[in-house]
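Okay, so here's the structure we're looking at.
The values are calculated or read from the model by the stated rules, or taken from the named source; none is laboratory data. Being a predicted model, the structure only gives us computed values, none of them experimental. Positions of Cβ are backbone-derived with ideal geometry, glycine not excepted, and every protein chain shown enters the neighbour counts.
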Amino acid sequence: MLTRLLSDDLPRSRLLMLLLIVIVIGLAGAPFLFPGSKALNVAVKISIFIVLAASYDVLLGYTGIVSFAHTLFYGIGAYGVGIALYLLGPSWAVVGLGFVAGIAAAVPLALVIGLLSLRVKAIFFAMITLAVASAFAVLASQLSEFTGGEDGRNFRVPEILQPGFKLGNLSLWGVEVNGRILSYYLIFFGSLILFLILLRIVNSPFGRVLQAIRENPFRAEALGYRTVIYRTFANALAALAAALAGGLWALWLRHVGPDTTLSFSIMMDILLMVVIGGMGTLYGAILGATLFILAQNYLQNLMGSISASLVDVPVIAAVFHPDRWLLWLGILFILSVYFFPTGIVGRLRRDPRARRVL
Amino acid sequence: MTENASIREESATALPALRRDWVPIVLPVGLALLSLPLIGNGATWATLTFAGIAMGMMIFLMASGLTLVFGLMDVLNFGHGAFIAVGAYAAAAVLLRLSDWTGADTMLLNLAAVGIAALAAMAVTGVLGLVFERVLIRPVYGQHLKQILITMGGFIVAEQILHAIFGPVPISLPLPTAFRGSLNFGEVTIEKFRLGAMGVGFVVFVAMAVILTRTKIGLLVRAGVENPEMVEALGYKVRRLFVMVFVAGSTLAGLGGSLWALYRETVTAAMGMEIIVLVFIVIIVGGLGSVGGCFIGSLLVALLANYAGFWRQRWRWFLIFY
């Protein structure tokens, strides 16, 4: 059963298994285990970014192409749901319409970008996606009649998901079940299903071809696989998953704007998550996203206390300033690319008895 | 032998000269001329064209190093934007300390202050380029995926260090007195600073062209772009050449960054990322590895940006970099 659910791609490491179980249980019980709105926010972000990082890993880790347009598709998904709800009012049909609209915009765009630029070297694809993504971000902030410009759009979600909604005064373990908690579970299960689907895809024959392309595109082509087509499909698939994750994020935030969906810093965050967690394995996305979001939200407190105790040493204190957490993750990122290209998961999976010659 | 082919002393058989390809040179000129009727007003057109050329020169400064580095070693430095930002900050730090000089009403002191700031920016980014090449790029030669990731990582770290040193608030950088305002020729307005930036850009372009076509090092660089293995086989160390070009490219990025900072009159750590997109567009349009193409590409993009900004206010999204 479990093997089937995980598409026969088991964690293959006790510690990794343990970590994954802890994360999944933590997320599944987040509203009750860690009450409070900040903790719930963090849990939602982790769920959504797991999908986002996993779908990016399909591109980066499995197919070996670097895209900087992943937040573009994430943003399109979020704007699809957001604008639909803003224009047509809150109802489930509109939510569905928003998701469909987001996908209908994201997937063809991904196909076009892929067909145009995946024929050539990976480096050109990276440059072109960067240019397209930044043009799109500017477009979204300038078409203010439609997207709300820099301020974005606030909108209402269906009633069940609103914070004021009470499930008949039901309370579990001392926590009142309200619309927020229902939204949380909608997003949690949505993310879980998306993740399992992605896991299924990368372990399918299609996923094997993607890995073959990553390892040696010439040989893959020689074996009769059209690499352009496969890469383009991988790009479209990743775009699809990202758009769905974006839609879920919009439902949670009840707001869409360029900063929360399209900004380049989110792209960097995803890149860091995937590389630190481990490229080429979707479990890396889980670890990377969890670690990153936790660091983003809680590392700052720790660094704040270090910084406070070092006030007398000017430069060191500045480096440990709470806002500099990204500096440390950036350094960790560079070190990961050098020394553990397979990230945390690759480290954990390595058999300690087998001495590998580097 | 054809009559017009000049016969050099050392070569017994002369090669017929390559036919000059005029199309790239005609492109920006054509774009400028074509847009004249679309703008209608000659004075406005001249103002816009001039502003575009000045902007193009600054973009060229920032982009030329990147394209050469790519051509020579197949290395695309996604962290190039960090050099631009670092150059801008270094220049701003120097200029703000020399506020007596920049505020003075004498051209000479103003020029000296800007010159010192630009030199400081170039020195800092040159050293940074050396470190970047050694620490980040050398271990991942020939591996594109890792190169992109590593240089992006370097970019993040550099940006964060800038934040740590200068704080997250944008620094405003007033222009020195002598560069404020504009010159008026009839209805044509030319900002003084743009005139200066254009001069610097043009001098650098000419210097680069001369070095690349008239010196031995330039010959080696061009040969390296064409066929690095062959140059290695002839006994030259392409790698050393590459480090040199990389550092030169970084200093140029620093120079461009300092000019850009003065042009925008504010400095933010995010500016590197904003400009790198423009730089990528320019070097792709110009053809990766070609300095002349980069020059033409910069002019095209900058002219187009200026005209488009005039044509329609709603096209502001095209002009975010402007």
If the requirement is being more than 30 Å from A:PHE146 (Cβ to Cβ) and either more than 14 Å from chain B (Cβ to nearest Cβ) or small (Gly, Ala, Ser) (or both), which of these qualifies: A:ALA250, A:ALA243, A:ALA238, A:ALA220?
A:ALA220
Looking at the range B:161-185, which of its residues are touching a residue at least 40 places away in the same chain (Cβ under 8 Å) and more than 27 Å from B:ALA112 (Cα to Cα)?
B:HIS163, B:PRO168
Test for A:THR3: is it in a helix (DSSP H, G or I) and within 14 Å of chain B (Cβ to nearest Cβ)
no
Near pairs, Cβ below 7 angstrom, 6+ apart or cross-chain, from the range A:38-49 (within 12 Å of A:ILE286 (Cα to Cα)) to any residue that is of a type outside the set (A, V, I, L, M, F, W, C) and buried (at least 22 other Cβ atoms within 10 Å of the Cβ)
A:ILE46/A:THR290; A:SER47/A:SER191; A:ILE48/A:SER191
Given the criteria small (Gly, Ala, Ser) and touching a strand residue (DSSP E or B) at 6+ places or on another chain (Cβ under 8 Å), does B:ALA88 qualify?
yes
Of all the helices (runs of 4 or more DSSP H) wholly in the range B:184-267, which have at least 2 residues that are hydroxyl-bearing (Ser, Thr, Tyr)?
B:238-264
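Scan the range B:131-142 residue by residue and report those that are within 13 Å of B:VAL247 (Cα to Cα), in contact with a helix residue (DSSP H, G or I) (Cβ under 9 Å, 6 or more places away or on another chain) and either surrounded by 15 or more Cβ atoms within 10 Å (Cβ to Cβ) or within 13 Å of chain A (Cβ to nearest Cβ) (or both).
B:PHE132, B:GLU133, B:ILE137
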Which members of the range B:155-171 meet the condition of being among the small types (Gly, Ala, Ser) and more than 7 Å from chain A (Cβ to nearest Cβ)?
B:ALA158, B:GLY167
Number of the exception - B:ALA112 against (1) crowded, with 16+ Cβ neighbours inside 10 Å; (2) within 16 Å of B:ALA253 (Cβ to Cβ):
(2)
Name the one entry in A:ILE331, A:ILE286, A:ILE266 that is over 30 Å from B:MET271 (Cα atoms), at pLDDT 80 or above and assigned to a helix (DSSP H, G or I).
A:ILE286
Determine, yes or no, whether A:VAL209 is of a type in the set (A, V, I, L, M, F, W, C), modelled with pLDDT of 85 or more, in a helix (DSSP H, G or I) and under 24 Å from the mean Cα position of the chain (by Cα).
yes
In the range A:139-155, how many are among the hydrophobic types (A, V, I, L, M, F, W, C) and at pLDDT below 80?
3
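Every residue, every condition in (1) within 30 Å of A:VAL120 (Cβ to Cβ); (2) at pLDDT 85 or above, yes or no:
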position: A:ASP9; (1), (2): no, no
position: A:MET17; (1), (2): no, no
position: A:LYS38; (1), (2): no, no
position: A:LYS45; (1), (2): no, yes
position: A:LEU52; (1), (2): yes, yes
position: A:ASP57; (1), (2): yes, yes
position: A:LEU60; (1), (2): yes, yes
position: A:VAL66; (1), (2): yes, yes
position: A:SER91; (1), (2): no, no
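Can you go through B:PHE50, B:PHE78 and tell me which one is of a type in the set (Phe, Trp, Tyr) and either crowded, with 24+ Cβ neighbours inside 10 Å or within 15 Å of the chain's Cα centre (by Cα) (or both)?
None of the other options fit; the residue is B:PHE78.
Based on this model, can you work out whether B:LEU262 counts as away from chain A (no Cβ under 12 Å), buried (at least 16 other Cβ atoms within 10 Å of the Cβ), in contact with a Phe, Trp or Tyr (Cβ under 7 Å, 6 or more places away or on another chain) and among the hydrophobic types (A, V, I, L, M, F, W, C)?
Yes: the conditions hold for B:LEU262.
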